[in-house]
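In what follows, a single structure is set out as structure tokens and then discussed.
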Amino acid sequence: MKKIVTIERFILDSQPEHAIGDFTNLLYDIALAAKVISAKTLRAGLVDILGRAGSTNIQGEEQQILDIFADQVISKLCDHTGRLCVMASEEHDDIIPIPPSYKKGRYVLVFDPLDGSSNIDVNVSTGTIFGIYRCLEWENRGRLEDCLQPANKLIGAGYVLYSTSTMLVYSTGSGVHAFTLDPDLGEFLLSHENIRIPEPPSYSSANFSYFEKWSAGVRAFADWLQTGDEKDLVPSERYIGSLVADFHRNLLMGGIFFYPGQKGMPNGKLRLLYEAGPLAFVAQQAGGYASDGQHPIVEMKPLTLHQRVPLFIGNRSLVRKAEAFIQELDGNN
Ligand code: F6P
């Protein structure tokens, strides 16, 4: 039997000596929220909460009850701890301020509470994505500006995958580590330490039904993926349509996920702050790379909370190849 390491133990052991524990405790809070959301998603097919909540979020997408539940679990677990000065969630139009009755801390939490939630009705994996920043100025902490930081300023980021197992995968800037929830113990146990995206990549993941709407460069890249330079090394296509699940598979097996801009949606669908940024940070920590087709995602400062961005993420070799096709055929800007 391997050594059993709980997430609490691992986080505590990774805490620098001088730390006061706020960041460590914030990671615990996220792990606890993940357990609560996991318990609820597991029962989604059993209890009478399936179906639409009847409201739409700022992107005009239908919210489902579990999205709202997940959003509230995270915000309510984190708003009163004195560790955060502000939050931003994909489900809220504006920033989520810390209620005036609570102390404001120095950290900023951005999150997509339940990504891929349209998959819930058909029992397909979903995920939570999160990123943690430091506030920009202590005296003025808790402003919109604190949330609008590029991913290279993240001090921690990760995701929770609700699937056959629930896994929490995160990085605080020294490697990527994954923890699998033991449902009997209610504990996340270290299952994958220091993940590196393997070479050669096994998979490519994109919604090929948009092929005709992609730019010439993206179409050429997609064609190249089918033929490759050497026929034997062509990655297989796998697309779940649930970003966390697609990303997670490619992180462990090697591959590229891409959701480019398309006719009528020049920036694609995914959000820079809640989706592309935190996953770009994780990919980079695992030796991978993320780009909008021209620029590294981690260098892009969001101008608005819900800004969308084209995303190419996974093995550096494949993302660079996509950039090369785009530069050659679509030009650069
Ligand atoms: O952002 C929501 C989301 O469900 C992602 O998880 C997923 O990658 C994407 O949308 C799927 O979009 P589409 O149905 O257009 O392929």
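The values are calculated or read from the model by the stated rules, or taken from the named source; none is laboratory data. Just so it is clear, the model here is predicted, and its values are computed rather than measured. Note that each Cβ is placed from the backbone with ideal geometry, even for glycine, and that neighbours are counted across all protein chains shown.
The number of residues in the range 123-149 that are part of a strand (DSSP E or B) and buried (at least 22 other Cβ atoms within 10 Å of the Cβ) comes to 8.
Of all residues being among the acidic types (Asp, Glu) and surrounded by 20 or more Cβ atoms within 10 Å (Cβ to Cβ) in the range 105-122, which is modelled with the lowest pLDDT? Just the residue, please.
Asp115
Residues in the range 88-106 that are part of a strand (DSSP E or B) and either in contact with a helix residue (DSSP H, G or I) (Cβ under 6 Å, 6 or more places away or on another chain) or within 12 Å of the ligand (Cβ to nearest atom) (or both): Ala88, Ser89, Ile96. Report whether or not Ala220 is under 29 Å from Arg43 (Cβ atoms) and small (Gly, Ala, Ser). In short, no. Picking from residues in the range 160-188 that are among the polar types (S, T, N, Q) and under 17 Å from Pro278 (Cα atoms), the one that is surrounded by the fewest Cβ atoms within 10 Å (Cβ to Cβ) is Ser174.
Just the residues that are more than 12 Å from the ligand (Cβ to nearest atom) and of a type in the set (A, V, I, L, M), please, taken from the range 215-264. Matches in the range 215-264: Ala216, Val218, Ala220, Ala222, Leu225, Leu233, Val234, Leu251, Leu252, Met253, Ile256.
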